1. Output the strands (runs of 3 or more DSSP E) that fall wholly within the stretch 56-156 and possess 1 or more residues being over 15 Å from I39 (Cβ atoms), touching a strand residue (DSSP E or B) at 6+ places or on another chain (Cβ under 9 Å) and free of Cβ contacts under 8 Å to residues at least 40 places away in the same chain, or say none.
2. The conditions are (1) modelled with pLDDT under 90; (2) assigned to a strand (DSSP E or B), and H159 fails exactly one of them. Which is it?
3. Out of all the residues in the stretch 40-85, which are in contact with a Lys or Arg (Cβ under 9 Å, 6 or more places away or on another chain), over 19 Å from L104 (Cβ atoms) and aliphatic (A, V, I, L, M)?
4. If K89 satisfies all but one of (1) under 15 Å from N158 (Cβ atoms); (2) surrounded by fewer than 17 Cβ atoms within 10 Å (Cβ to Cβ), what's the number of the condition it fails?
5. I want to confirm something. Restricting to the stretch 112-133 and keeping residues that are among the hydroxyl-bearing types (S, T, Y) and surrounded by 18 or more Cβ atoms within 10 Å (Cβ to Cβ), which single residue is nearest to E87 (Cα to Cα)?
6. So, in the stretch 58-79, of the ones that are within 12 Å of the chain's Cα centre (by Cα) and crowded, with 19+ Cβ neighbours inside 10 Å, which residue ends up nearest to L157 (Cα to Cα)?
7. Go through the stretch 41-55 and report how many residues are in a loop (DSSP other than H, G, I, E, B) and surrounded by 12 or more Cβ atoms within 10 Å (Cβ to Cβ).
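The values are calculated or read from the model by the stated rules, or taken from the named source; none is laboratory data. All figures in this text were calculated on a predicted structure; none of them were measured in a lab. Neighbour counts are summed over all protein chains in view; Cβ atoms, including those assigned to glycine, are modelled from backbone coordinates with ideal geometry.
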Amino acid sequence: MDYLMGPIFVIFLIWMLFRGHSLEHPYLHPYYTRGGKKIYAPDHWIKSNKGKMFIGYRPVAYERDIRVLESDNVPITGCTVSGGTKESKLVYIRGVYLSKQEALQALREVSKGSKASIVLENEQVIYHIREEMLEMGLFRVRGKSILLGQVELVEILNHEYFQEGDVELGLYQKHYKDKEINHES
């Protein structure tokens, strides 16, 4: 029985290292953040640019809670990153792309649009917003290893191509009015 422990342990270690790094289509879980260091580029490009910086694009999703202090204070497109990403939580990254068009296509494959929900806390309205967008950033190439990370983010430059959904359509306002009516009754 002891002779089986070695191979089982090795298989377990290999599984632990590669889980989440699928060799097939990128993982489509809505809270996937392991793709932040993966670059979709040819091996020869990665090898020849090791240590260099480049401008890349990555499909991302941010979440943020916004407290409503006045009745006319409503979420608008870009509200999750308007005050900088320090106030938001990065909940999804689908790798880094050299081409804006490839990144946009990858974003649209998994996008469900912006989501907005309303929470009442101590009779104060809080909007919980999730927005999907394309993030442009300055990245440094580290190497070919998927396990150690192929790229690292140096600086976020811009956010664009916000995906339409609850925020743009104002669906959260309908839910808020319904809750307000139910709360008064």
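1. In the stretch 56-156, the matching strands (runs of 3 or more DSSP E) lie at 89-93, 115-121.
2. Condition (1) is where H159 drops out.
3. I46, M53 - these are the residues of the stretch 40-85 that are in contact with a Lys or Arg (Cβ under 9 Å, 6 or more places away or on another chain), over 19 Å from L104 (Cβ atoms) and aliphatic (A, V, I, L, M).
4. Going through (1) under 15 Å from N158 (Cβ atoms); (2) surrounded by fewer than 17 Cβ atoms within 10 Å (Cβ to Cβ) one by one, K89 breaks only (1).
5. By that ranking, first place goes to Y127.
6. Here the residue is R58.
7. 3
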